[in-house]
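Each remark here refers to the structure printed beneath this line.
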Amino acid sequence: MKNVVELIPGSLKAYVPQSVKDFVMKPFRSQIQKDIEGFKKDGTRFTPYLADFPPMVMIDTTTRCNLACAHCPNSILSKDPDFLGDMDRELYFKIIDEIAMEAPNTLVRPFDGGEPLMRRDIASLIEYAKRKGIRRISINTNGILLTKKRRQELIKSGLDHIEVSIDAATPQTYLEIRRSPLFERTVENTLAYIEESKTYNPNSTVTVSFVLQKDNRHECKAFKQFWNGKADQVNIRRYHQHGNLVDNHGHFQKRHYRFRHPCPYLWDRMIIYHDGRIRFCEFDWKAEHSIGDVQSQTIEEVWHGELYRELRQQHIKGILSHPFCKSCVDWREVKWPGI
């Protein structure tokens, strides 16, 4: 059944003020939307819904990367030999087997701190997950290694979604942001993947993304104009400092909130480091604040364990004692829809 706003003819939607849309949809708001409205108005604390299993599991299949982007801490951390590593295939299989058994609808993202195509076997890892019954698999790549052979491997693996991070509309800005002269190759690889994937697997989708920062903001409009109608989605991402691992040069716009909201990461995802340690925050790149280990524990027991429970309670109450949360500089950029 369509909601009231969807019944408005497309030709008229642009002329309907957002305030009118909000008023019409007020009776149909979800509980989290109601909670956020109260939080924004007077700071009323709210308890987000906790799923039985993480809605999204990010797996650090590799921390190696072939670029050194200005806004990414990988370029700094990769100098530390303790940071670099690939997940053992057997450990990956163990993780996938549990997800497939407990919650096959979980979004699985077999990447996080590195470039997934640095692994020659990434397509076979995706294929294993699909064969086990995982319904949604997504990766993020910089696109440089997305050659014809690798494209065909990924498409045939059953990959549901791919995001290509580009961050520029011209070679000059790409060189400034991504510190690589391979802008044209990235664009050509991405366009080819879009065309080939629609032929072989028409249900798969492609996103191109752009991390908005002071050195590329002047190209944001051109980026959207070029990719709209080509990619399925154009994603303009917020700039993060990743726990102060990169500077704040991208914060050209300060966002002020009267109240600090609970962090959605604690409810919507789990990140597994390449050695099996579990990270509750994406910005804890070296898993220095890990709260479990899938080598000896299950995802489910860690998700409902005491450490996760205590962290969530701190965020619900707005009293943060965990040192990593307490010192977070990115919480304003990581927010619930509607805040």
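The values are calculated or read from the model by the stated rules, or taken from the named source; none is laboratory data. Keep in mind it's a predicted model, so treat the numbers as computed, not measured. Cβ placement follows ideal geometry from the backbone for every residue including glycine, while neighbour counts extend to all protein chains displayed. These accessible areas exclude ligands, DNA and RNA; they are computed on the full protein's heavy atoms, side chains included. Shrake-Rupley method; radii C 1.70, N 1.55, O 1.52, S 1.80 Å.
Worth pointing out:
- Subset of the stretch 70-92 [touching a strand residue (DSSP E or B) at 6+ places or on another chain (Cβ under 8 Å), touching a residue at least 40 places away in the same chain (Cβ under 8 Å) and either under 18 Å from LEU182 (Cβ atoms) or open to solvent by less than 20 Å² (accessible area, probe 1.4 Å) (or both)]: HIS71, GLY85, MET87
- Single unsatisfied condition, LEU159 versus (1) buried (at least 19 other Cβ atoms within 10 Å of the Cβ); (2) in a loop (DSSP other than H, G, I, E, B); (3) touching a Leu at 6+ places or on another chain (Cβ under 6 Å): (3)
- Only residues that are within 12 Å of ILE59 (Cβ to Cβ) and of a type in the set (Ser, Thr, Tyr) were counted in the stretch 87-127, giving 2.
- For the stretch 113-127, residues that are part of a loop (DSSP other than H, G, I, E, B) and open to solvent by less than 30 Å² (accessible area, probe 1.4 Å) total 4.
- If you go through the stretch 299-334 and keep only what is surrounded by 15 or more Cβ atoms within 10 Å (Cβ to Cβ) and of a type in the set (S, T, N, Q), you end up with just GLN314.
- Residues of the stretch 321-335 that are touching a residue at least 40 places away in the same chain (Cβ under 8 Å) and not in a helix (DSSP H, G or I): SER327, CYS328, VAL329, ASP330, TRP331, ARG332, GLU333, VAL334, LYS335.
- Within the stretch 49-63, residues that are closer than 13 Å to GLY305 by Cα and in contact (Cβ under 8 Å) with a residue 60 or more places away in the chain reach partners that are open to solvent by less than 10 Å² (accessible area, probe 1.4 Å) and assigned to a loop (DSSP other than H, G, I, E, B) with beta carbons closer than 7 Å, at six or more positions or on different chains, in the pairs PHE53/THR106; PRO54/THR106.
- Single residue of LEU12, LEU84, LEU91 found to be in a loop (DSSP other than H, G, I, E, B) and either modelled with pLDDT of 85 or more or over 20 Å from the mean Cα position of the chain (by Cα) (or both): LEU84
- Options ILE99, ILE139, ILE134, ILE95; residue that is surrounded by 15 or more Cβ atoms within 10 Å (Cβ to Cβ) and under 18 Å from CYS65 (Cβ atoms): ILE139
- For the stretch 294-301, the criterion of being assigned to a helix (DSSP H, G or I), among the β-branched types (Val, Ile, Thr) and closer than 23 Å to PHE111 by Cα is satisfied by at least one residue.
- Selection count where residues are touching a Leu at 6+ places or on another chain (Cβ under 7 Å) and in contact (Cβ under 8 Å) with a residue 60 or more places away in the chain, scope the stretch 93-111: 0
- Those strands (runs of 3 or more DSSP E) lying entirely in the stretch 171-282 with at least 2 residues open to solvent by less than 20 Å² (accessible area, probe 1.4 Å): 205-211, 270-272
- Of all residues in the stretch 83-97, none are touching a helix residue (DSSP H, G or I) at 6+ places or on another chain (Cβ under 6 Å), among the acidic types (Asp, Glu) and under 18 Å from GLY133 (Cβ atoms).
- Pair list, Cβ under 9 Å, 6 or more apart: the stretch 112-129 residue on the phi < 0 side of the Ramachandran plot, other residue among the aromatic types (Phe, Trp, Tyr) and not in a loop (DSSP other than H, G, I, E, B): LEU125/TYR92; LEU125/PHE93; TYR128/TYR92; TYR128/PHE93; ALA129/TYR92
- A search for C-beta distances below 7 Å between a residue of the stretch 191-210 that is more than 15 Å from GLN152 (Cβ to Cβ) and any residue that is buried (at least 18 other Cβ atoms within 10 Å of the Cβ) and of a type in the set (Asp, Glu), counting only pairs 6+ apart in sequence or on different chains, returns THR207/GLU163; SER209/GLU163; PHE210/ASP167.
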